[in-house]
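The block underneath contains the structure these notes are about, expressed in structure tokens.
The values are calculated or read from the model by the stated rules, or taken from the named source; none is laboratory data. Please read all numbers here as calculations on a predicted model, not as lab measurements. Here the Cβ positions follow ideal geometry from the backbone for every residue, glycine too, while neighbour counts run over all protein chains shown.
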Amino acid sequence: MKFPCQSLMLTLLIVFATAAQAEMSHMGMRMGEWGMVMNENYDQLPQGCDAIAGEVNVTIKAGREYAKEFPGTIFGYSQHEFDFPKCTRVNVTFINEDNIRHQFMIHGLPTYLHPQGMFHLELYSKGEITGTFITPKTEQTYLAHCDVAQHMEKGMKAQIKVGGGNGNLPSIPGISGQLNKDVYELDLSIENILLIFALFILGLSSCLFFFVWYKA
């Protein structure tokens, strides 16, 4: 009776695994050794959309190569701004050109379609995946970025304009400036002027001393 029990257990495991996979697919999630696609939406219409107005295919590449154009950055996307019409199905092909983990995450989407308002593509290394979402019936600018530590801060972010958007987000490479710019003003207080003068005299005296000592 040992083998029939093992067969039954194996069958139950397969059934549960299949059910779990079906549940993940139902929730708009796909996972594997390559990475993941989360909160995908292929056919559920956002509120206010009577039908899919159109379909757009876009390719987004991620890697160090795309940071070279922007001083002070380390990582980047091949494109930092996207304009999509309302109620449009967007098929995103995400390509990771580095041997490290990169993401393309859009925030602020309707939570009744995307848990936490997020559409998420992720690759653990070099590779390519495709995911789909439908733009809301809004005129808004959404943030897209890589949530791996320091990747966004080092340049891996973009903006998604739907219906023309509602302006530019801050600190988007090639699009907008920093939200809080670093300003270094020259301090010309009396104390600093006297300090600079004293250092100048000290340096000049040292040069003269070594010059005379060398000649002697």
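Only one residue in 199, 143 is under 25 Å from residue 87 (Cβ atoms), modelled with pLDDT of 85 or more and surrounded by fewer than 18 Cβ atoms within 10 Å (Cβ to Cβ), so which one is that?
On inspection, the qualifying residue turns out to be 143.
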Checked the stretch 62-77 for anything crowded, with 18+ Cβ neighbours inside 10 Å and under 15 Å from residue 101 (Cα atoms); matches are 62, 63, 75, 76, 77
Just for the stretch 10-54: of the residues that are at pLDDT 50 or above and among the aromatic types (Phe, Trp, Tyr), which one is nearest to residue 118 (Cα to Cα)? 42
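For residue 110, state whether it is of a type outside the set (A, V, I, L, M), more than 12 Å from the chain's Cα centre (by Cα) and under 18 Å from residue 40 (Cα atoms).
Yes: the conditions hold for residue 110.
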In the stretch 109-132, residue farthest from residue 34 (Cα to Cα) [restricted to those that are crowded, with 18+ Cβ neighbours inside 10 Å and touching a Leu at 6+ places or on another chain (Cβ under 7 Å)]: 119
Qualifying residues in the stretch 138-161 (those that are touching a residue at least 40 places away in the same chain (Cβ under 8 Å) and part of a strand (DSSP E or B)) - the one farthest from residue 77 (Cα to Cα): 161
Tell me yes or no: at least one residue of the stretch 162-181 is out of contact with any helix residue (DSSP H, G or I) (no Cβ under 8 Å at 6 or more places or on another chain), closer than 28 Å to residue 44 by Cβ and outside any loop (DSSP other than H, G, I, E, B). yes
